[in-house]
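Everything below concerns the one structure shown next.
The values are calculated or read from the model by the stated rules, or taken from the named source; none is laboratory data. None of these values were measured; they are calculated from a predicted model. We place every Cβ from the backbone using ideal geometry, glycine too, and count neighbours over all the protein chains shown. Heads up: the accessible areas ignore ligands, DNA and RNA and are worked out on the full protein's heavy atoms, side chains in. Shrake-Rupley method; radii C 1.70, N 1.55, O 1.52, S 1.80 Å.
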Amino acid sequence: MREESIPRNPGPVHESYIKIQDLNAFYGNLQVLKNIRLDFQEHQVSAIMGPSGCGKTTLIRILNRMNDDVPGFHIEGNVTIQSLDIYGRQVDPVLLKMRVGMVFQSPNPFPFSIYENVAFGPKIHKLFKRKKELNRIVKESLQRAALWDEVKDRLAESAMKLSGGQQQRLCIARALAVQPEILLMDEPASALDPGSTSKIEELIVELKQNYTVVIVTHNIQQAARIADSVVFLYKGEVVETGRAPTFFENPSNPMTEKYLSGQLSSV
């Protein structure tokens, strides 16, 4: 593919809930993110978009330090949540992952019962004193994931018996059970059928009332339906950020226009 220059329009940087400043990320000597400056607002859905290989997943995994154990991975720059440097020495990565939950591309329930899937995190982190409290956490988490009414009479059944869409909502409930503030989602509906995708999208919009949501998606229509703000990455750089729907209806960068019209291939 012919090398393209990237006319940048990162947009203004405001005080924010999550702030990324001068971020560079590397796998060994390979630089995958370059001079990233972004901010994400509280109680909004922020979508990260771009062709395959542009650094979307690396970026979202940086927000809860999921790349820490990847051999050779390291970053330069600053990532803060409410002004806390999440890569600072005083930050416990395990506790950070409680505060910043993660939902992956493919549903990955544990081979336990529905109940035990949701109870797993609260048990590990000792978030309750009595079984009654744990029961409440499980119920509320399933309710927030819009799954309670479908499974309340079969909590003891294996989670593996659920449909793909139900399994993904169970994974969301499992993430919510440890009381996070931020929910990261890496293409959470890409492996699902249209009906299940619609339910996940409705759920994401509802979740922003209580959580800050950052989602990676390759689906332009999906981002237009659910996002409050959008980030467009190309070759590891921020090309344009904007508020939806203005970002989709009137992009200010020609590279963004090419991407939205399907004229920009994978990196």
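Is it the case, given these coordinates, that L207 is at pLDDT below 95, open to solvent by less than 50 Å² (accessible area, probe 1.4 Å), within 15 Å of A146 (Cβ to Cβ) and not polar (S, T, N, Q)? So L207 does not fit the description; no. Among the residues making up the stretch 33-53, those that are assigned to a loop (DSSP other than H, G, I, E, B), over 17 Å from G101 (Cα atoms) and either touching a Ser or Thr at 6+ places or on another chain (Cβ under 8 Å) or open to solvent by 30 Å² or more (accessible area, probe 1.4 Å) (or both) are P51, S52, G53. Against the condition of a type outside the set (D, E), touching a residue at least 40 places away in the same chain (Cβ under 8 Å) and either closer than 19 Å to K208 by Cα or in contact with a strand residue (DSSP E or B) (Cβ under 6 Å, 6 or more places away or on another chain) (or both), how does Q44 come out, does it pass? Here the answer is yes, as Q44 does meet what is asked. Evaluate the following for Q166: is it out of contact with any strand residue (DSSP E or B) (no Cβ under 7 Å at 6 or more places or on another chain) and of a type outside the set (G, A, S)? So Q166 fits the description; yes. Of the numbered criteria (1) closer than 19 Å to V214 by Cβ; (2) surrounded by 16 or more Cβ atoms within 10 Å (Cβ to Cβ), the one Q167 fails is (1). Taking the stretch 223-232 as the range and being assigned to a helix (DSSP H, G or I), more than 16 Å from E42 (Cα to Cα) and in contact (Cβ under 8 Å) with a residue 40 or more places away in the chain as the test, only A223 passes. Scanning the stretch 141-160 for residues that are surrounded by 16 or more Cβ atoms within 10 Å (Cβ to Cβ), in a helix (DSSP H, G or I) and under 24 Å from the mean Cα position of the chain (by Cα) yields S141, L142, R144, W148, A159.
One line per residue, one yes/no per condition, for (1) closer than 23 Å to V94 by Cα; (2) at pLDDT 95 or above; (3) surrounded by fewer than 23 Cβ atoms within 10 Å (Cβ to Cβ):
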residue	(1), (2), (3)
C171	yes, yes, no
V178	yes, yes, yes
D193	no, no, yes
T197	no, no, yes
Y234	no, yes, no
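Residue-by-condition table, conditions (1) acidic (D, E); (2) modelled with pLDDT under 95:
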residue	(1), (2)
V103	no, no
N117	no, no
F128	no, yes
E133	yes, no
E140	yes, no
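Looking only at residues in the stretch 104-140 that are among the aliphatic types (A, V, I, L, M) and open to solvent by less than 60 Å² (accessible area, probe 1.4 Å), the one that is nearest to T217 (Cα to Cα) is V118.
Taking the stretch 233-267 as the range and being touching a residue at least 24 places away in the same chain (Cβ under 8 Å) and in a loop (DSSP other than H, G, I, E, B) as the test, the residues that pass are K235, G236, A244, S252, N253, L264, S265, S266, V267.
Scanning the stretch 56-91 for residues that are within 26 Å of N219 (Cα to Cα) and assigned to a loop (DSSP other than H, G, I, E, B), we see that the one that is most open to solvent (accessible area, probe 1.4 Å) is M66.
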